[in-house]
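Chemist: Supplied in C-alpha cells, the structure appears directly below.
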Amino acid sequence: MDKKYCAYLCSGCGIGDALDMEALAEVVTGEMSMECKTSEYLCGAEGRALIEKDIADNGVNTVVIGACSPRVMQNEFNFGEDKITVRANLREQVVWSEVKPAEGAEPHAEAAAFLMESAGDYMRMACTRAKKTALPEPFKLETMSKKILVMGGGIAGMTAAKEAAAAGYEVTLVEKEAALGGKAAEWRKSFPTRSPWTDLEDSPVAALAAAVQQDARITVKTGTEVARIAGAPGAFRVSMKATGTETEWDAPAKVTTEDADKISKGEMENPNKGLKNYMSVDEAAELHGAVVLATGWLPADVSEYAHLGYGAIKNVVTNVEFEKMAKDGKVPAKVAFIQSPGGKEHDQDFPYCNSVTSMVALKQAQYVCQDNEDGNAFILYQHMRTPGSQELYYKSAQQTDGIFMTKASVTKVEENGGKLRVIAEDTLLGDNLALDVDMVVLAAGMVPVTKEEYSINLAYRQGPAFSDLSLFDGYADSHFICFPYETRRTGVYTCGGVRKAETIEETIDDATGAALKAIQCLESTDRGVSVHPRSGDATYPEFFMQRCTQCKRCTEECPFGALDDDEKGTPLPNNTRCRRCGTCMGACPERIIGFKDYNIDLIGSMIKSVEVPEDDDDRLRILIFVCENDAYPALDMAGMRRNGINHMIRFIPVRCLGSMNMAWIRDALSAGMDGAMLLGCTYGDDYQCHFVKGSEIANKRMENIGDTLSTLGLESERCAAVQVAITDYDKIPQIVNDFVDEIVEMGPNPFKGF
Amino acid sequence: MNVQPDLTFIKYLKGAGGDTLKKCYQCATCSVKCPLSSDEKPFPRKEMIWSSWGMKENLVADPDVFLCHQCGDCTTYCPRGAKPGDVLGAIRAYAYTLYGWPSGLAKLASSAKGLPVLIGIPAVVIFIFWLISGGMHIPDKEHFATHGYQQFFGVWEFKWYAKNIFFIVMFMVPSLGLAIFSLYMGLTRLWKQMSLNTGVNPAYRPSVTQFIGEFLWPSLVEIVKHTRFRECGTNSDRVTGHLPLMLAFIGLFIVTCWSLLKNDIIGLFLHSWHGPMVLWDPFKIMANVSAIALLFGVYVLWSNRAKSEGEGKTSRTFYDWFLLWEIAAVGITGLGSELLRWLGVPSLGYIVYFMHLVAVMMLFLYLPYTKLAHIAYRTTAMAFEKYRESAFMKPAVE
C-alpha cells in the first residue's frame, strides 16, 4: 500500500487554549514532513468532512489525529478497514494532565513550553507510528470447520449442543457413559425454577436428552471419549475412542526440554511411550471448529476431616451418596447435615462449596421430612447461601416443622449405641448441642474435573491440560470475572460444573453462553480475526524464521499455548489459537516476531522520535510503557479528573506488558532518556492481566534488565514495573510522579548525548 | 444439651397462634426492642429458636415467657413476620394446659372444640342445683322488686344461713377451690422448673415473710400500677383496656365481699340491712362503676384485638378470645340482670341471672387453664424474677 499521509489537529476541548496550535502544526509539517490541518471540532461533522474530503480528493489513506484519547470517538475517526488511523492523545495525556501549581503559587515560568514539548512528542510518535504501521491482512485457514465439539453429555453439554444446533451449527456431543444425562440424572429431585420457588421439581434431564437425540444437527456419541484434540480453532482434529480404552492417539503428556534431555540420555522413561507425537496427524480425526468443555465435576474428598468420621464411622455419608439413597428409596428419619468442617478452628465451608451445597442440604432435609412423618433434619452451618429467588426455597425449608437449622461449629461425630451423636458448639441456641441421629451427611464440594484430569486432552506443545491450573484451584477460566467462559486455550469454552459449582438452572444459562462463545470463535476465525479479548483484531504475529535460533522462549512463554514446534524447536504458529497479546514478541531475543501495526521497529522508532533535551534538569525524559487494557484507561480517567502528571513523562501504549521487548528499554536509555517504567496489571492468584501471564512475565524480564543496567554503570532503579488496577486512576499520577522525583534525585542519564 | 425436638409441640404452637414461629431467622431485632431482654439472655430471640426446635422443656420453665406482656413491639418490628409476640402467647397457652390439673379439664379448656362442654358443665350444675333447691319459680313483680335475685334458690326457715347463699356456695366455692388447688399444683411445678433451669441452690430458701415482703408484694404493686405495661410501644393502648378491667375486678371483688357481709352476716341481726342495695349506696355506686369499667375495658381490648387481627398483625386464637368472651359475658349478664330488676321483668331477669351465674362459675372454674391464669402465672414469674435477682441467687461467700 502506497501511503498518503495527512495529520489533523483538533483545538477543541481546551486543547487550543493550552497549546500553540500553529507551532504544533509546524512540528508535524517540519520535522515529520507531513501535511497538517487544524480544526476546532474534529470529531464533529465539519471536522470529519475535512478528513473525508482529503481521503476522497487527495487519496489520503493514513490519517494521524492529534486530539482526544484513542479510547474515545472511535467511530468518528474510523475511515474504513482500508485506511490507517493513528491517534495522538493530546487531550487526556497532555492538556488535561497538566500539573497545576499549588494554591497561591505561581505557575512554572516555562509551563507553556513544557506542555508544547509534550504535545510535540506525542505528535512525533504518532507520525512515526503512521509511517511504520501497515494494513493488516486477516489470516485465513485453508480448511475451516464450523462444527462444534461438545464434551460431556450432562445438563451443561446437552444444553450447549441444543443451543448451538438451534443457532444452525453442526454439533458432535461426546459422552463417556453409555447414556446421556450426567450427574443430574442421579438426583431424586431438582431445585425449584419458578414461582413460588418452594416446590422441588422433576429433573429436566430426560426431556433434554430426548430433544438432543432427536436433533438432526447433533451427532450423539455415547460410550465415547476424546483421545486427543490437535490443531487449532477452526480446524481442531479430534480423535475419539471407546470409553476406557487406550490408543496411540491418546493425548501425550507434557515433556519439558529438560525431560527430553533426560529421556534421550536414558535417565528417564518417556511418559509418552507408545503414543503418537503431539504433532502427528491422525487421518481418522474429525475436524471441529470450537470446543465446549462440559465434563462436569467430582465430589470433593471429605475424609481428611477426622473428627467428622467420614470413612471411619458407618452412616457418615456425603451429600452425593445421600442423594443416591434418596433416589433409590427411603432416607432415615433423623439426619444431621454438616456444612462446615472447621470445628472451632475456622468457619469455612467444605472446599469447593458454594450456594449449591447449601441448596442441596435444604433439599435433602426436605426428603427426610417427606419420607418420615416424624422426620428430623438438622442443618448445622456456618454459612447458608441461597442467592436470588433461592431465598424463597430457604424460607420454605425453614418453615418445615421437621427442619432445624443453626449456625454451629461441629466438633465431633461419634458412634453412640448404634446411633450417631453430633456435638456442636457456638450454636444459636446459646448452648452446646448433642444431637442423636441416624445419619450424618457432609456437604462435599464440587471439584472441577480439570483439577483431577487433563479432561480437554490437547495435543499441544505446552501439554494436554490447561496451564497454570494451580493458580485457580483447578479451574480453567481465563479470568472468572472478566472473561467467564474463556479458558486459557482459545476455542475451548467451559460451562457447567467444570467452570463453577452451579445449579441446573444456572448450568442451563451457562451452557447457552458457552455455545454462543463457541459460535463467536467460529465466526471470528472464519473472518481471520482475533476472538478475544482483542475481538476483531486482524493482525497476528509474524515470524521471520530465517533468523530464529530455536531458543523456544516464544513457545514456552505463550500464555495460550498457541505455538507448537518441530523436532528442532522451530516455532510453528497456530494463528487461530493466538490472542494477539504479543508475549512472543516480547520474549524473542532475536526480535523476529512482530505484528503489522505493532512491532519492535515501530515502537523502537517511536521511542527514538521523542526529543531528548540535553543538560536541563527540568527537561528529563521518562518513558512509561502502559498496558492498553487497564492502565491506559486509568490514565485517561486521571486526565478527565485533571490529576496532574509530570511534564517529563511520555507514555507509550502496549498491547500487554507481556509484549514488552527489553530492546525498547535499551532504545530509550541509549536515546538519552532518564528512566523507564512499565505500568501493567496485577498478577498472581488475584491477577487482572487480560492475557493471564503477561504482566508477570514482563516483571521477570525487568528483573533481568536491572542487572544489565548495573553492569553498564546505570542505576537499576531507573527502570521499574508497577502493577495497577483500572480503579487506581486516582493513585496512578502519584505513582508516576513519585517515580519522576526518584529519577530527578538520581540525576540525568550519564549517557545522555552519546 | 441433648436436643430431641418435639414435633407435636411445634404443631401445637402453630395451631395456637404461633403459626409463624418457624420464620424466625434469629436476627435479634425483637431482643433489641424488648424491654425484658438482657445481653446474656436475648429475649424473645432464644425463645423463638427453642420453639422452632420444639424444645418445650426450656420454654415452659422460662420466667421470661410469663413476664411478657404481649406488648407487640417484637411482632411489629420483626423483619420476617415471625410474630414473636403471638408465639409467646401460644407458649403460655401451652404451659397453662401443661401445668393445669386435672389435665383432662385443662385440655378441654384449651380449644374451641371443648366450648359446648365448657359452657355445659356450669349450666347443668347450676340448673340441677336450681332444681334441687326447689326454688324453681319465677317471682312476681313485687317480690322481685323487694328481693331481686336474693331468693333465686328459694328461702328456708333456718335463719343463720340463707338458702340462696348455701346453694351459691355449693358450686362457686368448689369451683374456686379447684382452681386454687390447680394453680397451686401448677405454680409449684413451674417454680421448681424455673429454679432448676436457673440453677438455684435449694439450700438457700426465703422465709414466707421474706417471700411475700421482698418478692410478691413489690410484684403486686407493680401489677396494679401497670408499670411494665406502660413500657409497651405498639400495643400501649391496651393499658386503656386492661387497667379499667383489672380495677373493675378488684372493685367487684370488694363489692361482692361487702354484699356478703352486709346481707348475710350483718343482715342476720339487722334485718333492714338485708336486701338489694339502694342506688346511692357508695358500694352500689362502686359496683356499677366497676361494671361499666369492666365492659369498657373489655370493649377496648376486644376492638384492639379485632383491629389488629384485621390488619394481620396478630393471629386469631381461641386462647385469646375465650377470655374476652367470658369477661364480656360476666359483665353483660351482670349488668343485664340489674337493669332487668329495675325494669321489673322477673322472668327475663331470672334467665339472665342464671346466665350470669354460669359465666361467673366459668371464670372461676377455668381460671387455671385459660388466659386468665396469667393473674397467677405472671405474678409468680414476676416474684421469681425478683427472687432471681436477689441475694438468694448470688453465690455463697467465696
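Here, each number is a calculation from the coordinates, and none is a lab measurement. Note that this is a predicted model, so its numbers are computed, not measured. Quick reminder, even Gly has a Cβ in these numbers, built from the backbone with ideal geometry, and neighbours come from all protein chains shown.
Chemist: Where in segment B:183-269 are there chymotrypsin sites (Phe, Trp or Tyr not before Pro) that are in a DSSP coil and have at most 14 other Cβ atoms within 10 angstrom of their Cβ? All intermediate terms of the calculation are to be shown ahead of the outcome.
Modeler: Details: sites: B:Tyr184, B:Trp191, B:Tyr204, B:Phe211, B:Phe215, B:Phe229, B:Phe249, B:Phe253, B:Trp258, B:Phe269; in loops: B:Tyr204.
For chymotrypsin sites (Phe, Trp or Tyr not before Pro) across segment B:183-269 that sit outside H, G, I, E and B with at most 14 neighbouring Cβ atoms in 10 Å, the list reads B:Tyr204.
Chemist: About its Cα centre, how strong a charge dipole does the protein assembly as shown have in debye, to the nearest 20, once Lys and Arg get +1 and Asp and Glu get -1 at the Cβ? The partial results should precede the final answer.
Modeler: Details: 114 positive and 140 negative charges, 1145 e Å.
That gives a dipole near 5500 debye.
Chemist: About the Cα centre of segment A:598-754, how large is the charge dipole given +1 on each Lys and Arg Cβ and -1 on each Asp and Glu Cβ? Please answer in debye to the nearest 20.
Modeler: Working: 14 positive and 25 negative charges, 104 e Å.
Using only the charged Cβ atoms, the result is roughly 500 debye.
Chemist: Also, quick follow-up: What shape does segment A:542-594 take by its C-alpha gyration tensor, where a ≥ b ≥ c are the square roots of the eigenvalues and a/c under 1.5 counts as rounded, a/b above b/c as prolate, and the rest as oblate?
Modeler: Here segment A:542-594 falls in the oblate category.
Chemist: Toward the positive end of the charge dipole of chain A, about the Cα centre and with charges on Cβ (Lys, Arg +1; Asp, Glu -1), which of A:His647, A:Thr503, A:Met123 goes farthest?
Modeler: Positive-most Cα among the choices belongs to A:Thr503.
Chemist: Next question, about the same structure. Kirkwood Rh, chain B, all Cα pairs: how many Å?
Modeler: Numbers: mean 1/r = 0.0436 Å⁻¹.
Hydrodynamic radius (Kirkwood, Cα only) of chain B equals 22.9 Å.
Chemist: Out of segment B:1-94, which GluC sites (Glu not before Pro) are coil in DSSP terms and have no more than 13 other C-beta atoms within 10 Å?
Modeler: Values: sites: B:Glu40, B:Glu47, B:Glu57; in loops: B:Glu40.
Within segment B:1-94, the qualifying GluC sites (Glu not before Pro) (loop, at most 13 other Cβ atoms within 10 Å) are B:Glu40.
Chemist: Which residue, chosen from A:Cys581, A:Gly561, A:Phe543, occupies the Cα position most advanced towards the positive end of the dipole of segment A:542-594, where the dipole is computed from +1 (Lys, Arg) and -1 (Asp, Glu) charges on Cβ about the Cα centre?
Modeler: It is A:Cys581, whose Cα lies furthest towards the positive end.
Chemist: Next question, about the same structure. Using r as the Cβ-Cβ distance of A:Glu137 and A:Met545, and R0 as 22 Å, what FRET efficiency do you calculate, to the nearest 0.05? Could the numbers behind the result be given before it?
Modeler: Values: r = 18 Å, r/R0 = 0.82.
E(calc), rounded to 0.05, equals 0.75.
Chemist: Other chains' Cβ within 10 Å of A:422-429 residues: what's the mean?
Modeler: Values: counts 0, 0, 1, 0, 0, 4, 11, 9.
The mean count of partner-chain Cβ atoms within 10 Å per residue comes to 3.
Chemist: Still on this structure, I have one more. For segment A:94-103, just list the computed ³J(HN,Hα) in residue order, Karplus coefficients 6.51, -1.76 and 1.60, θ = phi - 60°, integers in Hz, with x standing in for Gly and Pro.
Modeler: 10, 5, 6, 9, 4, 6, 7, x, 4, 4
Chemist: Further question on the same structure: Quick one: order A:Val654, A:Val610, A:Val360, B:Val125 by neighbouring beta-carbon count within 10 Å, fewest to most. Mind showing how you got there, number by number?
Modeler: Values: A:Val654 28, A:Val610 21, A:Val360 24, B:Val125 18.
Ordered by Cβ neighbours within 10 Å, fewest first: B:Val125, A:Val610, A:Val360, A:Val654.
Chemist: Sticking with this one: Net charge near A:Asn78, counting Lys/Arg +1 and Asp/Glu -1 over other residues with Cβ under 14 Å of its Cβ? If you can, show how the numbers build up before the last one.
Modeler: Working: positive: A:Arg48, A:Arg71, A:Lys83, A:Arg87; negative: A:Glu52, A:Glu76, A:Glu81, A:Asp82.
With Lys, Arg at +1 and Asp, Glu at -1, the neighbours total 0.
Chemist: Also, quick follow-up: Using the Kyte-Doolittle scale, find the helices of chain A whose mean hydropathy is at least -1.0 and whose Cα atoms extend 20 Å or more along the helix's long axis, counting only whole DSSP H runs.
Modeler: Helix filter hits for chain A: A:111-132, A:355-371, A:504-527, A:694-711, A:732-746.
Chemist: First check a/c for segment B:189-342, with a ≥ b ≥ c the square roots of the eigenvalues of its C-alpha gyration tensor; if it is under 1.5, answer rounded, and if not, answer prolate when a/b is larger than b/c or oblate otherwise. The partial results should precede the final answer.
Modeler: On the way: a/c = 2.55, a/b = 1.26, b/c = 2.02.
It comes out oblate by the Cα gyration axes.
Chemist: Give me the dipole magnitude in Debye, nearest 20, for chain B about the Cα centre, with unit charges on the beta carbon: positive for Lys and Arg, negative for Asp and Glu.
Modeler: I would put it at about 660 debye.
Chemist: Related question: How large is ³J(HN,Hα) for each residue in segment A:404-416, as worked out from phi by the Karplus curve 6.51 cos²θ - 1.76 cosθ + 1.60 (θ = phi - 60°), to whole Hz, x for Gly and Pro?
Modeler: Running phi through 6.51 cos²θ - 1.76 cosθ + 1.60 with θ = phi - 60° gives 10, 10, 7, 5, 6, 9, 7, 9, 7, 10, 9, 7, 8 Hz.
Chemist: Please give me the summed charge of the neighbours of A:Pro107: other residues whose Cβ is under 13 Å from its Cβ, Lys and Arg +1, Asp and Glu -1. Walk me through the numbers before you get to the answer.
Modeler: Numbers: positive: A:Lys100; negative: A:Glu98, A:Glu103, A:Glu106, A:Glu110.
My count for the surroundings of A:Pro107 gives -3.
Chemist: Now, a different point. How about segment A:293-378: which trypsin sites (Lys or Arg not before Pro) there are in a DSSP loop, with at most 14 other Cβ atoms within 10 Å of their Cβ?
Modeler: For trypsin sites (Lys or Arg not before Pro) across segment A:293-378 that sit outside H, G, I, E and B with at most 14 neighbouring Cβ atoms in 10 Å, the list reads A:Lys314, A:Lys330, A:Lys344.
Chemist: Starting from the amide H of A:Ala7, placed 1.01 Å from N in the peptide plane, find each other amide H under 5 Å away whose residue is 5 or more places distant or on another chain.
Modeler: Residues meeting the amide H criterion: A:Glu35, A:Cys36, A:Lys37, A:Val64.
Chemist: If you don't mind, there's one more thing I want to ask. For chain A, with the dipole built from +1 on Lys and Arg beta-carbon atoms and -1 on Asp and Glu ones, taken about the Cα centre, which of A:Gly463, A:Cys68, A:Tyr8 lies farthest toward the positive end?
Modeler: Farthest towards the positive pole: A:Gly463.
Chemist: Here's something else I'd like to know. Sort A:Arg619, B:Arg92 by Cβ crowding within 10 Å, fewest neighbours at the top.
Modeler: Working: A:Arg619 18, B:Arg92 23.
So the residues, fewest neighbours to most, are A:Arg619, B:Arg92.
Chemist: Under a 5 Å amide H to amide H cut-off, with H placed in plane at 1.01 Å, what residues pair with A:Thr219 once short-range neighbours are removed?
Modeler: A:Val171, A:Thr172, A:Leu173
Chemist: Rg and Dmax of chain A, Cα atoms, in Å?
Modeler: Every Cα atom of chain A included, Rg and Dmax give 30.8, 97 Å.
Chemist: Can you compute the helix-only [θ] at 222 nm over chain B? Use -39500 (n - 2.57) per DSSP H run of at least 4 residues, normalise by all residues, nearest 500 deg cm²/dmol.
Modeler: Mean residue ellipticity at 222 nm (helix-derived): -19500 deg cm²/dmol.
Chemist: How many angstrom lie between the C-alpha centres of segment A:599-614 and segment B:275-298?
Modeler: 109 Å
Chemist: Mind listing the long-range amide H neighbours of A:Ala227? Cut-off is under 5 Å, sequence gap 5 or more, other chains count too, H placed in the peptide plane at 1.01 Å from N.
Modeler: A:Ser239, A:Met240, A:Lys241
Chemist: Ordered by residue, what ³J(HN,Hα) values in Hz, to whole numbers, does segment B:92-105 give under the Karplus form 6.51 cos²θ - 1.76 cosθ + 1.60, where θ = phi - 60° and Gly and Pro are x?
Modeler: 4, 4, 5, 5, 4, 5, 5, 7, x, 10, x, 5, x, 5
Chemist: Per-residue Cβ counts within 10 Å, from other chains only, averaged over A:404-412: what number is that? Show your work: numbers first, answer last.
Modeler: Numbers: counts 9, 6, 5, 1, 0, 0, 0, 0, 0.
What the average comes to for A:404-412 is 2.
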